[in-house]
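Participant: Take a look at this one; I'll ask things after.
Every number here is computed from the coordinates shown, using simple stated rules; none is lab data. A quick note: this is a predicted structure, and the numbers were derived from the prediction, not measured. Because the Cβ atoms are built from the backbone with ideal geometry, glycine has one as well, and the counts that use them run over all protein chains shown.
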Amino acid sequence: MGIATGDQAIFIKKSVFEQIGGYPDQPLMEDVELCKRLKRIARPACLKSKVTTSARRWQQHGTWRTIFLMWHLRFDYWRGVSPNVLKQRYYKQ
């Protein structure tokens, strides 16, 4: 879908980063918003290289519960729910 989230790496040229207004100032879904802005300029390139990220949430809450929460939050963000409301739900888990 061309949307990277917190457990993935996003590489952007400085000039493009500045062109899209920098990193969104919001408490949650800032990575999704950043990717939405980037998609207006060009399609993302997906690399085969791997990065190491924290598995803490997945380990604490379980795979299916975490997947459900993340997709529910993304859907609500797409529907226009405030990132502040989504942050409360994210950290309530």
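Participant: Taking only pairs that are 8 or more places apart or on different chains, how many Lys pairs in segment 14-92 have Cα atoms under 29 angstrom apart?
Facilitator: Value for segment 14-92: 13.
Participant: Between (i) 38, 32, 20; (ii) 47, 28, 22; (iii) 42, 21, 18, which entry matches Cα extents along the principal axes in Å as derived from the coordinates of this structure?
Facilitator: Derived directly from the coordinates: (i).
Participant: May I ask for the angle, rounded to the nearest 10°, between helix 63-79 and the longest principal axis of the chain, with both axes built from Cα atoms and the value confined to 0 to 90°?
Facilitator: For 63-79 against the chain, the angle is about 60 degrees.
Participant: Towards the positive end of the charge dipole of the chain, with charges on Cβ (+1 Lys, Arg; -1 Asp, Glu), say which of S49, L86, T5 has the farthest Cα.
Facilitator: S49
Participant: Could you derive backbone 3J(HN,Hα) for segment 81-88 from the dihedral phi with the Karplus parameters 6.51, -1.76 and 1.60 (θ = phi - 60°), listing whole Hz in sequence and x where the residue is Gly or Pro?
Facilitator: 5, 4, x, 5, 5, 5, 4, 4
Participant: Taking 0.36 nm per intervening residue step and subtracting the Cα-Cα distance, what contour gain separates D7 from T63 on full extension?
Facilitator: Values: separation 56, 0.36 × 56 = 20.16 nm, distance 1.35 nm.
Taking 0.36 nm per residue and subtracting the Cα distance, the gain is 18.8 nm.
Participant: Moving to a separate point now. Suppose every K and R has +1 on its Cβ and every D and E has -1 on its Cβ; what is the size of the dipole of segment 14-92 about the Cα centre, in Debye to the nearest 20? Working shown, then result.
Facilitator: Numbers: 16 positive and 6 negative charges, 63 e Å.
Computed about the Cα centre, the dipole is about 300 debye.
Participant: Moving on. Taking other Cβ within 10 Å of each residue's Cβ, how do M29, M70 sort, fewest first? Please list the in-between numbers first.
Facilitator: Numbers: M29 24, M70 15.
In order of increasing Cβ crowding within 10 Å: M70, M29.
Participant: Return one number: the angle in degrees, 0 to 90 and rounded to the nearest 10, between the long axis of the Cα atoms of helix 30-39 and the longest principal axis of the Cα atoms of the chain.
Facilitator: For 30-39 against the chain, the angle is about 40 degrees.
Participant: What distance in nm separates the simple spin-label points at I20 and K36, each placed 7 Å from Cα in the Cβ direction?
Facilitator: For I20 paired with K36, the spin-label model returns 1.2 nm.
Participant: Let me ask something else about it. Net charge near L86, counting Lys/Arg +1 and Asp/Glu -1 over other residues with Cβ under 10 Å of its Cβ?
Facilitator: Values: positive: R74, K87, R89; negative: D76.
Here the count lands on +2.
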